[in-house]
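Chemist: Below are the structure tokens for one structure; questions will follow.
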Amino acid sequence: MADAMEVDLQEERVFKDPPNIRRLDETVVNRIAAGEVIQRPVSAVKELVENSLDAHSSSVNVVVKDGGLKLIQVTDDGHGIRYEDLPILCERHTTSKLSTFEDLQSIKSMGFRGEALASMTYVGHVTVTTITKGQLHGYRVSYKDGVMEHEPKACAAVKGTQIMVENLFYNMSARRKTLQNSADDYSKIVDLLSRFAIHHTSVSFSCRKHGAARADVHSVGTRSRVDAIRSVYGVSIAQNLMKIEASDNDLSSSVFKMDGLISNFNFVAKKITMVLFINASKPFIYMSIVLPPEHVDVNVHPTKREVSLLNQEVIIEKIQSLVESKLRNSNDTRTFQEQTIEPSSSGQVCSLKDSDINPSPSGSKPPKVPVHKMVRTDSSDPAGRLHAYMQTKSHSHLDGISSLTSVRSSIRQRRNPKETADLTSIQELIDDIDGNSHSSLLDIVRYCTYVGMADDVFALLQHDTHLYLANVVNLSKELMYQQVLRRFAHFNAIELSNPASLKELSMLALKEENLNPECAVNDDLNEKIAEMSAALLKQKREMLEEYFCIHIDIDGNLTRLPVVLDQYTPDMDRVDWENEKTCFQAIAAALGNFYAMHPPMLPNPTGDGLKFYEKKRPSQNTEDIETPSGDNAIMTTEIDNELLSEAETAWAQREWSIQHILFPAIKLFLKPPASMANNGTFVRVASLEKLYKIFERC
């Protein structure tokens, strides 16, 4: 009986109708979207202030009540809003900032989505008062759920626009309950306005609580950034700032301009204050980074909390080097506040250097590092400078390294986001890489110092007190393979100037496999194989383009390849197409092999390789040339300078790419597999401890 009931229940589960898929009501959709864009009161203030700045305002005033839940009022003196634009002002995706998707490539305004005002009308009561230049009076209108509640009413108004948002989240009780701490939200708004004030120095900002006579933020338009910082953050910060500037205009590397201010070692605070604008001891840091609009992808986060930059690792590396250098130099001129002390205790006062050289009897000496354990180079120094006999590092330097590491970690997560691996097969392949990573080799590649090329294939690396030979071809092949999987379906493209025929490429590959003249292969058979290969690739071209950015046109020509590693372009297999994981793995491996930094086709023009570029020709002695047998002809050796110059350029470019592109990328991205510990990719050739033992016996 029990078995029969169980069968009935199973049948009921099997034949139960699936739930209906419904189209959500537009109001529900808009309210969900509004909760993402306007997460808390400070989000609304940010959007409104950015709109004021886009309107070329010279004054922005903010009034807040109950942390922004009861009232947010933003008033500016910008160009105002046209009367005819008021009916669609608060509809979703209505904007004056762009008209086509391509406009995002050159966007310079702070807003562009056309979602902020619309979102506010779905979670609050919005009233807009505005007047444009030349009008005798302004207009006031209220909005709800994206539409006007009534026709615009004429009213007295001053130049610009005033937007009031009342009862924010009145229809989202759960959100409103989590935002009851008005003091916390108001402090976030004050911090936001303070950051705007020190970046947009030509604009006056004020922020105060409703009913308060005194503003918590009050800045007057000025040309001096230091004056703006002084008025907002105080004198103690302003008098301890150093100016920093960095720029690059190399199209092959990075294009940016950065100017900023950072506190020196005299400034001490309880927390880090970092103000960063893009296109737009604990330190104080202000940075403004300006890049070409086409190098910034602003369409990454709904609230523009994150943007994506072209060649951002290079930019970070250059800014980091500049800041480190500036801080090291500033420590030489560090000043200290004097304190009057009694003469009896003067014997206890000594300089830092004196205390290091002549420590007090009760004190203990710092542990001395054995000479054979000293590391002369610092892998964290981008220039690889020597730090001879350096035994200690300041805590501030270590804090800087850990801070940079956290920044790079967030950059890596954006460049290689986990959500890109939304296919199970890709995630399994990435998990295989992570699970098979060799911890000791990972430590070597993360903290090694590049020394130089030992020969055509091996590079010299120093890690700790050891010297290693590393196979560049194997490392680059594995790096490219891992990058293909981590950038899966998120590639930029290399456009080929001349499309390459798949059939001709297949014929070249078949000829290369059968270079042995004894292996007589039928040309017709090769051509048939090439046609079949081309047809198969054409059949799979949609998948190849979507996932790997390999574009094949309808004529069977290869027109586009993926960018696997930024700033690197390669010198211009069989696949199981039925099994998804095996297919993607084989394609990634093939791309990794193609993009690997193999030696150039021309021999290395140093050492014995120079003989390849020599060519012999008879001397100009006519008597020798007329000798019938030619045995007595005198041959002279000349260098083919044109070919030699081409080879020198190719080899120099490869070595530059290895040092400046490959190994920095290896440090950031590569997870060396365990097989590299045994296949000759890494060979330890020297150890400082063992060298000292040898010298001691001599």
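Chemist: Can you compute the FRET efficiency between residue 582 and residue 222 using 1/(1 + (r/R0)^6), with r the Cβ-Cβ distance and R0 = 60 Å? Round to the nearest 0.05.
Modeler: So, using R0 = 60 Å, E works out to roughly 0.40.
Chemist: While we're looking at this one, here's another question. Is there a pair in 209/318; 144/257; 188/257 whose C-alpha atoms are over 32 Å apart, and which pairs would that be?
Modeler: Working: 209/318 42 Å; 144/257 43 Å; 188/257 29 Å.
As for pairs spanning more than 32 Å Cα to Cα, those are 209/318; 144/257.
Chemist: Which FRET efficiency, nearest 0.05, do residue 641 and residue 428 yield, Cβ-Cβ r, R0 60 Å?
Modeler: 0.65
Chemist: If you scale each eigenvalue of the Cα gyration tensor by 5 and take the root, what three semi-axes come out for the range 458-511, rounded to whole angstrom and sorted largest first?
Modeler: The answer is 34, 18, 10 Å, longest axis first.
Chemist: Let me ask something else. Using a 1.4 Å probe and ignoring any ligands, DNA or RNA, find the accessible area of residue 79 and quote it in Å² to the nearest 10.
Modeler: That residue has around 100 Å² of solvent-accessible surface.
Chemist: Can you give the accessible area of residue 608 in Å² (nearest 10), computed on protein heavy atoms with a 1.4 Å probe?
Modeler: The value for residue 608 is about 130 Å².
Chemist: Using a Förster distance of 35 Å, how high is the FRET efficiency between residue 144 and residue 58, based on the Cβ-Cβ distance and rounded to 0.05? Walk me through the intermediate numbers first.
Modeler: Values: r = 32 Å, r/R0 = 0.90.
Using R0 = 35 Å, I get an efficiency of 0.65.
Chemist: In whole Hz, what ³J(HN,Hα) sequence does the range 637-649 give by Karplus (6.51, -1.76, 1.60; θ = phi - 60°), x for Gly and Pro?
Modeler: 9, 10, 9, 6, 5, 5, 5, 4, 5, 5, 5, 4, 5
Chemist: Next question, about the same structure. Summarise the accessible area of the range 427-555 (1.4 Å probe, protein heavy atoms) by the percent that is carbon and sulfur.
Modeler: Whole-percent figure for carbon plus sulfur exposure: 50.
Chemist: Output the Cα-based Rg and Dmax of the range 26-219 in Å, rounding Rg to one decimal and Dmax to a whole number.
Modeler: For the range 26-219, the Cα radius of gyration and maximum Cα-Cα distance read 16.0, 47 Å.
Chemist: Next up: What ranking of 207, 155 comes out by heavy-atom accessible area, probe 1.4 Å, highest first?
Modeler: 155, 207
Chemist: How large is ³J(HN,Hα), in whole Hz, for each residue of the range 235-240 in order, when computed from phi with the Karplus curve 6.51 cos²θ - 1.76 cosθ + 1.60 and θ = phi - 60°, using x for Gly and Pro?
Modeler: Running phi through 6.51 cos²θ - 1.76 cosθ + 1.60 with θ = phi - 60° gives 6, 4, 6, 4, 8, 10 Hz.
Chemist: Not counting ligands, DNA or RNA, and with a 1.4 Å probe, what is residue 164's accessible surface area in Å² rounded to the nearest 10?
Modeler: Only protein atoms counted, so the area is about 50 Å².
Chemist: Write out the chymotrypsin sites (Phe, Trp or Tyr not before Pro) in the range 160-244 meeting two conditions: DSSP loop, and at most 15 other Cβ atoms within 10 Å of their Cβ.
Modeler: When the chymotrypsin sites (Phe, Trp or Tyr not before Pro) of the range 160-244 are filtered for loop state and at most 15 Cβ neighbours within 10 Å, 170 remain.
The values are calculated or read from the model by the stated rules, or taken from the named source; none is laboratory data. Just so it is clear, the model here is predicted, and its values are computed rather than measured. So basically every Cβ, Gly included, is an ideal-geometry build from the backbone, and we count neighbours across all protein chains shown. Each accessible area value is taken on the protein alone, full model and side chains, heavy atoms only, with ligands, DNA and RNA left out. Shrake-Rupley method; radii C 1.70, N 1.55, O 1.52, S 1.80 Å.
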